[in-house]
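As structure tokens, the structure follows; a few thoughts come after it.
The values are calculated or read from the model by the stated rules, or taken from the named source; none is laboratory data. Predicted, not measured: the structure shown is a model, and the values here were computed from it. Reconstructed Cβ throughout: ideal geometry from the backbone, glycine too, with neighbour counts over all protein chains shown.
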Amino acid sequence: MRTMAERAPLTTLTATSLMNAFDVVTKWTADVNDGGLFWFRGVKDSRLDLQPGAYWRKDFDEYGPLLDFVQQGRAYADVGDLREWRTYYLAQHHGLPTRLLDWSESFSAALFFAMDGWDGLTTPVIWIVRPEMINKISVDWEGIISPEENKELDAWLPAGIQEGSKKIATADGKWIYDSALPLAIYPRKDNNRIVAQQGVFTIHGVEKVKLNEWIVEKREDHPQIICQVRLEGLDREKSMNQLQTLGLRRHTMYPDIDNFVSYLKTYYNW
């Protein structure tokens with residue numbers, strides 16, 4: 001096996017418009033596709049690694065804020081128990097730092113998130129990953145895992161992570177999960193934001209790895225697994241108008257009355 005120094009760098013492509021980005025992504029996915037899936041993540045700054053909010057923040061412990069979210073958040077939303085996955089998803093979607101990274105099954109949704117709130121001073125990017133290959137590295141199973149149907153994954157919930165890294169075998173002994181490592185998970189669609197955004201997640205374990213670096217380190221064939229598309233030289237206003245033409249507005253991505261009224265404010269210029 002080649003060392004990291006000898007290994008090919010992360011695949012980085014460039015697009016100069018939203019339409020060009022569609023062409024670039026379509027070509028890359030067609031070149032590597034062998035029947036697998038592709039997930040997309042839009043980020044406003046190309047310098048940011050694929051590391052969740054609970055881990056890139058220094059000395060941050062997610063457990064305390066999540067406990068407050070559960071105990072007090074029920075006054076404002078249908079917040080479940082701390083040991084429920086739906087609670088963890090909801091916390092992530094409302095801005096609590098967790099070990100989840102948001103991805104979408106929709107390339108156009110990822111474009112929206114790369115551009116929404118972009119100040120024009122950074123280079124936005126679209127990350128593309130083949131999620132089943134993340135689980136191939138972690139579990140040696142090439143597929144997507146549903147936490148609600150696999151109790152072993154409860155080791156990745158906040159209470160489980162508090163207890164440290166574990167290796168958990170399935171009942172038949174065929175698969176071994178290691179809660180130190182990242183996983184690609186397919187969430188139950190019981191959250192309106194997950195539905196609107198066609199949302200899916202990667203979840204990090206005890207080890208605070210950067211997903212992009214971890215994949216490059218673990219797989220020599222990483223150019224067929226992960227890719228970054230840099231959106232260079234874009235005109236923000238033109239790009240946002242193009243997204244609106246595609247039907248992508250803030251209140252369609254964040255479907256609630258406040259974001260709808262915010263859209264009306266912009267539309268009618270009051």
Q.
Going residue by residue through region 109-119, is there one that turns out to be surrounded by fewer than 16 Cβ atoms within 10 Å (Cβ to Cβ) and more than 16 Å from the chain's Cα centre (by Cα)?
A. yes
Q | Hits in region 166-184 - residues which are surrounded by fewer than 14 Cβ atoms within 10 Å (Cβ to Cβ) and either under 19 Å from Ala54 (Cβ atoms) or among the basic types (Lys, Arg) (or both) | A | Lys167, Lys174
Q: Search region 13-57 for residues being of a type in the set (Phe, Trp, Tyr) and assigned to a helix (DSSP H, G or I), and hand back the single one that is farthest from Leu234 (Cα to Cα).
A: Tyr55
Q.
The conditions are (1) farther than 29 Å from Arg83 by Cα; (2) in contact (Cβ under 8 Å) with a residue 40 or more places away in the chain; (3) surrounded by fewer than 17 Cβ atoms within 10 Å (Cβ to Cβ); (4) over 20 Å from the mean Cα position of the chain (by Cα), and Gln242 fails exactly one of them. Which is it?
A. (3)
Q: All but one of (1) part of a loop (DSSP other than H, G, I, E, B); (2) in contact (Cβ under 8 Å) with a residue 40 or more places away in the chain; (3) surrounded by fewer than 19 Cβ atoms within 10 Å (Cβ to Cβ) hold for Pro187, so report the exception by its number.
A: (3)
Q | Which listed residue is part of a loop (DSSP other than H, G, I, E, B) and either modelled with pLDDT of 95 or more or under 30 Å from Trp28 (Cβ atoms) (or both), from Leu181, Leu243 | A | Leu181
**Q.** Hits in region 1-58 (condition: in contact with a strand residue (DSSP E or B) (Cβ under 9 Å, 6 or more places away or on another chain) and β-branched (Val, Ile, Thr))
**A.** Thr11, Thr12, Thr14, Thr16, Val24, Val25, Thr29, Val32, Val43
